[in-house]
Amino acid sequence: MNIEEIKDLMAQFDHSSLKEFSYRNAGDELTFSKNTPVAAAPLGNIPVSAAPLAEGTAEEAAVLPAASETSETDSDLKPQAAADAEGELIESPLVGVAYMAPAPDKPPFISVGDRVKKGQTLLIIEAMKVMNEIPAPRDGVVTEILAVNEKVIEFGEGLVRIK
């Protein structure tokens, strides 16, 4: 595959509604993704939002994630939290996509105020097509849920607080 063919594929991907694209051939392998960037964690009570990416060439668009244009409201994106967010912070052991329920049509694993037992599944993080259950490290009560369903979680990012 030559560079002109790759540029053509990137331009077509850039103008399509696809979020991810992979191509494999005997000696070639390409992967394009328009996944949204993860915003930095807010400082104190100051909310932080992801800045939209500047417009660029098709090559840049295929390499850099595209800015998200979703119809979700701000309240849909805010993590569930109790008035008193105290307790032990459970951090992500890996990078991946957080899932708060075992399936889209099932209830979430936990809610704020729930009592959890050591080893109970708090959420699932999908990494490289593997579903990794995140267990509670000890018994306690969920005081805050920081992870957002179907959003990318970074290594060491706070997931849940247990008191």
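Odds and ends about this structure:
- Relative pair counts by distance (%), Cα atoms of the range 79-162, 10 Å bins: 20, 56, 23, 1
- In the structure shown, the pairs 7/129; 117/151; 118/163 are assessed against 19 Å; a Cα-Cα span above that value is assigned to 7/129; 117/151.
- The range 101-114 - phi-based ³J(HN,Hα) in whole Hz, Karplus 6.51/-1.76/1.60, Gly and Pro as x: 9, x, 7, x, 9, 9, x, x, 4, 9, 9, 4, x, 5
- Put simply, the amide H of residue 90, placed in the peptide plane, has neighbours under 5 Å in 159, 160, 161, 162, leaving out anything fewer than 5 places away on its chain.
- For residue 109, distant residues with modelled amide H under 5 Å away: 101
- Förster radius 30 Å - calculated FRET efficiency between residue 130 and residue 24 (Cβ-Cβ, nearest 0.05): 0.90
Bear in mind these aren't lab numbers, they're just calculated from the coordinates by the rules spelled out. The model shown is predicted, which means the values in this text are computed figures rather than measured ones. Note that each Cβ is placed from the backbone with ideal geometry, even for glycine, and that neighbours are counted across all protein chains shown.
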